[in-house]
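S.K.: Take a look at the following structure, please.
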Amino acid sequence: MKMSLMARARQIYDAKKKDHKFKDAVSVFFLLMPYALLFSLFIALPVALAMYLSLTSFNVIEAPEYIGLFNIVNIFTQDPVFLRYVLPNTLKYSLIVGPGGYMLAFFLAWMLAQIQKGPRLIMSLAIYAPSMVGGVFMAVVWRTIFSGDESGYINAFLLDNDFITRPIQFLQSPEYLMNIVIIVALWSSMGVGFLAMLAGILNGNEELYEAAYIEGIKNKFQEVMYVTIPMMKPQMLFGAVMAVVSTFTNGYIGVALSGSNPTPQYAAQLITNHIDDYGFIRYEMGYAAALSVVLLLIIILFSRVAYRLFAEKH
């Protein structure tokens, strides 16, 4: 009798446990469903569609025609603009703006963390603002600064001081355009990665700093290298991934400054501009999709490098 009661109690306990697990599973399902739907609708589905279109010849009007890897092969064998201008420009731009903007973001975040809350808030907003209003500033400020006539600030200064005899076409000259694009990109690169780094530094464990100085750390540089950076690896990883993504997808600057796509003599033509050129100007959507797939693979590669550098090792 006693054994049967224990068995019955065990059965009731197991049933309640299963019911509890089922309710937990249902709760998790409904909590994750909005994210899964949004992820599928705005990320997974577009990526899958781009991969499919990359294997086709598609001009928007007619139905896509399957051609296999023809577009991918053409990118690296039959597209002289991509090999001669787009790929070198993209690598130059990304290798300067990506690491440069990333290190600048960390340096500014660390500097701001050393000052009082009031001035820090104002300066943080001032540094972050260009990443939100970059397009407006480029149209109003940067194009005025580098304007190719006497009204441009730089040309006016050079003419007034007899450094030049006629205005320089900064935004139409291959000699200057790419360097100007890099300057503007660095200026507008303090986005959410910068805020994440600032938050990571401000929320650091003060006891670690005290212990580090007891152990023998003697200056701020050692503090940053041995305490701050290891302590905020999640924020560093997030900032690195955001820097990679924004750098490789931020191709509007050259077009906005020069006023044309392609940019003059392809001087600042990046892979995103090449995609827009083929997709929305020539309407060769299949080829544009193949370029998008190549860009996606490049971003994944560099993101993996960032992950290996800053991910927590267990």
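S.K.: Determine which aspartates and glutamates satisfy two conditions relative to Lys218: a Cα distance under 17 Å, and not lying fewer than 8 residues away in the same chain.
M.R.: Correct list for Lys218: Glu206, Glu207, Glu210.
S.K.: Please work out which option in (1) 1.11; (2) 1.21; (3) 1.13 gives Rg/Rh (Cα atoms, Kirkwood Rh) calculated from these coordinates, and answer with its label.
M.R.: (3)
S.K.: Expressed in nm to one decimal, what extension gain is obtained for the pair Asp24 and Glu215 from 0.36 nm per residue of sequence separation less their Cα-Cα distance?
M.R.: Gain on extension, Asp24 to Glu215, equals 64.1 nm.
S.K.: Using alpha carbons only, how many angstrom separate the centre of the stretch 261-314 from the centre of the stretch 37-78?
M.R.: 14
S.K.: Let me ask another. Quick check on packing: order 80-93, 201-214 by the mean number of other C-beta atoms within 10 Å, highest mean leading.
M.R.: Ranked from most to least packed, the peptides come out as 80-93, 201-214.
S.K.: With a 10 Å cut-off between alpha carbons and a GNM built on the chain, which of Glu223, Glu215, Glu175 moves the most?
M.R.: Highest fluctuation among the options: Glu215.
S.K.: Still on this structure, please answer the following. Give a residue-ordered list of calculated ³J(HN,Hα) values for the stretch 261-278 (Karplus: 6.51 cos²θ - 1.76 cosθ + 1.60, θ = phi - 60°; whole Hz; x for Gly, Pro).
M.R.: With the stated coefficients, the stretch 261-278 comes to 9, x, 5, x, 6, 6, 5, 10, 7, 9, 5, 5, 5, 5, 5, 4, 4, 6 Hz.
S.K.: Counting pairs of alpha carbon atoms under 8 Å apart in space and at least six apart in sequence, what relative contact order in percent does the chain give?
M.R.: Answer for the chain is 26 percent.
S.K.: So if R0 is 35 Å, what FRET efficiency would Phe107 and Ile300 give, r being the distance between their Cβ atoms, rounded to the nearest 0.05?
M.R.: About 0.80, to the nearest 0.05.
S.K.: Could I ask something else about it? With θ set to phi - 60° and the Karplus curve 6.51 cos²θ - 1.76 cosθ + 1.60, what are the ³J(HN,Hα) couplings of the stretch 120-132 in order, to the nearest whole Hz, using x for Gly and Pro?
M.R.: These are the phi-based 3J(HN,Hα) values: 4, 4, 5, 5, 4, 5, 5, 6, 6, 3, x, 5, 8 Hz.
S.K.: Let me ask something else about it. Amide H neighbours of Ser57 under 5 Å, counting only residues 5+ apart in sequence or on other chains, H built in-plane at 1.01 Å?
M.R.: The list, which skips near neighbours in sequence, is Glu65, Tyr66, Ile67.
S.K.: List, in order, the whole-Hz ³J(HN,Hα) value for each residue of the stretch 295-309 obtained from phi through the Karplus relation with A = 6.51, B = -1.76, C = 1.60 and θ = phi - 60°; use x for Gly and Pro.
M.R.: Rounded to whole hertz, the list is 4, 4, 5, 5, 5, 4, 4, 5, 5, 5, 4, 4, 5, 5, 6.
S.K.: Okay, next question. Along the charge dipole of the chain, which of Pro99, Phe238, Phe76 sits closest to the positive end, that is, farthest toward it, with unit charges on the beta carbon of Lys, Arg, Asp and Glu (+1, +1, -1, -1)?
M.R.: Phe238
S.K.: A further question follows. Could the peptides 118-125, 159-166, 53-60, 288-295 be put in order, highest first, of the mean number of other beta-carbon atoms found within 10 Å of their residues?
M.R.: 288-295, 53-60, 118-125, 159-166
FYI, it's all coordinate maths here, none of it is from the lab. Quick caveat: nothing in here was measured; it's all calculated off a predicted structure. All Cβ positions, even for glycine, are placed from backbone atoms using ideal geometry, and neighbour counts span all protein chains on display.
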